[in-house]
Amino acid sequence: MDVPLDFPEADPDTIADTDRELNVQLHIVNALKPKGFRVASQIQWERDRKAWENGNLDTEPDPIDILWIVKHDDTIQFPTAQVDTYKWYKVEICTPALAFSPWNLRHVWEFLRIITRRYRLNCNQSCALHIHVSTAKKEFTLDILKNLMGMIFTFERQLEQCHPSYRIHNNSSTFSLRDHVNINQNFKPGKSFSCSDRNWKEEWMLDRQQKGLPQKLPPARSERDFLAAIFSATSKAELVKMFKSDEDFRLGYNIGFLDEPYPDSFKRTIEFRQHRSTTKPEVIERWLNICCRLVDVARQTAGASNGEKKVFRRFLLDHIGGSADDFGLVMLLVNLGLIKEAGHCSMEMANRPDVRPPRRSMQGSDS
């Protein structure tokens, strides 16, 4: 983010880094508050919270879950162009916990409209869109989680077609479930390279190459056995353990917040981390619809009849070993009832050779 030169700041050569970041965050806060948004700087909120706990502030700060929070994210990389022309800052925006409704979507779109007009933004490949989805005030039960992870594990390759290739391949920020979680038994916790090293994946591959070992390991068990293991889990903690790895918070789908006991009493969500960063409302809304629909189908199936549950599991079994070329993203979205999203994705994929299914001959091959 490039902040205008009129933001309130002392001499940039003498001000501390934290205070400089605070000034940037407060500039954004002050641009949004007059528009009716309850927004706060993370740095200022943490200072106010500490002051209130120490008795140095009369009024308790608003709970962070009802606020739009402007944060610093050090994983963001600066743009390579116009480096000397503008002063760039690493900024992350977190929405409050919002019910999934057209009214709240309009709030998000208005927020985006304000900041895109007020600031120069650079959403490069180091940025991403993360969406947290819960079951609102209802419990995220074991059956719901089984259904959800069964769907995501079965159709992960199809869902990857929603995203550009740089979010899928050679990406140190998001890793696929099929290739990296414990259920695969290829990347063993504590034995692979540390995820704190941004080059760990490359080092792991180089190490195997030097030892003459294959860089991509075969699955430790069949895909149907994977699915059976998911539905055989006896607790959410067991299921969370299946979908853990050394790089938990870098997985494309993170269910660590649903562990037992809950690591965060408020954030009982699944985190969808695969999507590229964008400020386009229609793109965000399409992905949000897909994420929420997956959770909704999992929830509805958990409360369905035994016959309907059998149909659901048969659907997963029929596609767990299939190719994304034969049953792709568009067909998946149609089956989920997301007809509008299927139409948009179909048009996008038609313009992307990297995800376009290969053409097949109308004539049968010679025997």
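Here is how the numbers come out for the structure above:
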quantity: Inverse mean reciprocal Cα-Cα distance (Kirkwood Rh) of the stretch 18-127, Å; calculated: 15.4 Å
quantity: FRET E, pair residue 56, residue 87, Förster distance 25 Å, beta-carbon r, rounded to 0.05; calculated: 0.15
quantity: For the stretch 136-171 versus the stretch 235-290, the gap between their alpha-carbon centres in whole angstrom; calculated: 8 Å
quantity: Set of aspartates and glutamates near residue 241 by C-alpha distance (under 12 Å), chain-local residues within fewer than 8 positions excluded; calculated: 259, 260
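FYI, it's all coordinate maths here, none of it is from the lab. Nothing here was measured: the structure is a model prediction, and the numbers come from that model. Cβ atoms come from the backbone with ideal geometry, glycine included; neighbour counts cover every protein chain shown.
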